[in-house]
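The structure appears below as structure tokens.
No lab work stands behind these numbers, since they all come straight from the coordinates. No experiment lies behind these values; they were computed from the predicted model shown. Every residue, glycine among them, receives a Cβ derived from its backbone with ideal geometry; neighbour counts consider all protein chains shown.
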Amino acid sequence: MKQIALDIGLSAGPTLVNFCAGPNAAALRHMELWVGGKSAANSNAPTRSPVPTYFWGTPGSGKSHLLKAAREALREQGARVGWLDASVHSAPEFSESWAAVVLDDVHLYTAAQQHTAFNWFVNAQTHQRPVLAAGDCAPVDLKLRDDLRTRLGWGHIFQLQPLSEPERRAVLRQAADARGVFLGDEVMDFMLTRFSRDLGSLMELLELLDGYALQTKRAITIPLIKSMMDNT
């Protein structure tokens, strides 16, 4: 099978602005307030609550999007963040310079990662730093060490619901328009029936299709999608 190098087009990373809330409006509003909280008397003094926040839901419901959006928003404010997910196997020690601790996909953590997460959590509470975390189930159902599991359930908890099909179509259409790409209805139908239907996977597919269309100088059609799958 022929291998090709896809030139992936530029796309915006996860932000709160491009998060399609759908049934998750309360979670989005919470994060907008969390990210933007500043003291009116001193714009350099954060008023962000140290109370932890935990998001849970099925894959593609937007958990990682919200956490990555928060991380990016803090970076834009000049703040540093401690980030841990299941792919991080050499995590640093907790730093007092961090504005927050962010723990993604906690349900996948190894024993060593759980130890790190607990250490970061305790230090974050000691230094009045907020913790954002996400997993695939409610804190009470997480298969984690008890001291970490109970702490994840201390504060604000939001269950995220996946978008409906019309909402997924609207997000795909918006993302394609932002890239200057036209997706016909038949192409949209093909993407939603032949590939994983969670939004994260669909956005990755759109990125691949955009890159392949640019490389081959063709519009995105069903034959182009089949050609890409045959050549990658």
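Roughly speaking, what is the stretch gain from Thr58 to Ser201, that is 0.36 nm per residue apart minus the C-alpha to C-alpha distance, in nm to one decimal? List each step's numbers first, then the result.
Values: separation 143, 0.36 × 143 = 51.48 nm, distance 1.31 nm.
This chain segment gains 50.2 nm when fully extended.
Using only helices, what value at 222 nm comes out for the chain when you add -39,500 (n - 2.57) per DSSP H run of length 4 or more and divide by the total residues, to the nearest 500 deg cm²/dmol? All intermediate terms of the calculation are to be shown ahead of the outcome.
Working: 8 runs with 101 residues, N = 232.
Counting only the DSSP helices, I get -13500 deg cm²/dmol.
Over segment 165-230, what is the relative contact order in percent, taking alpha-carbon pairs closer than 8 angstrom and at least six residues apart? Could you put the intermediate results ahead of the total?
Values: 35 pairs, mean separation 22.5, N = 66.
Computed over segment 165-230, the figure is 34 percent.
If each residue of separation counts as 0.36 nm, what is the full-extension length gain between Ser227 and Trp154 once their alpha-carbon separation is subtracted? Display every interim value, and only then the final one.
Details: separation 73, 0.36 × 73 = 26.28 nm, distance 5.01 nm.
Contour length minus Cα-Cα distance gives 21.3 nm.
Below 8 Å, C-alpha to C-alpha, sequence gap of six or more: please give me the relative contact order for the chain in percent. Don't skip to the end; give the middle numbers.
Details: 329 pairs, mean separation 64.0, N = 232.
Contact order relative to length: 28 percent.
Does anything in segment 107-123 have its amide N under 17 Å from the 7 Å Cα→Cβ label point of Asp146, and if so which residues?
Label zone hits: 115, 118.
Report the net charge of residues surrounding Pro139, where surrounding means a beta-carbon distance below 13 angstrom and charges are Lys +1, Arg +1, Asp -1, Glu -1. Kindly include the intermediate steps, with their values, before the conclusion.
Numbers: positive: Lys143, Arg145, Arg149, Arg151; negative: Asp136, Asp141, Asp146, Asp147.
Result for the neighbourhood of Pro139: 0.
Any idea what the dipole of the chain comes to, in debye rounded to 20, about its Cα centre with Lys/Arg Cβ at +1 and Asp/Glu Cβ at -1?
Numbers: 23 positive and 24 negative charges, 51 e Å.
With Lys and Arg at +1 and Asp and Glu at -1, about 240 debye.
Among Ala219, Ala138, Met191, which residue has its Cα positioned farthest towards the positive end of the charge dipole of segment 118-232, with +1 placed on the Cβ of Lys and Arg, -1 on the Cβ of Asp and Glu, and the dipole taken about the Cα centre?
With unit charges placed on the Cβ atoms, the residue in question is Ala138.
How far apart, in nm, are the 7 Å Cα→Cβ label points at Thr216 and Ser95?
4.4
What does the charge count around Val51 come to, taking other residues whose C-beta lies under 13 Å from its C-beta (Lys +1, Arg +1, Asp -1, Glu -1)? Before the final figure, lay out the partial values.
Numbers: positive: Arg48, Arg129, Arg151; negative: none.
Around Val51, the surrounding residues sum to +3.
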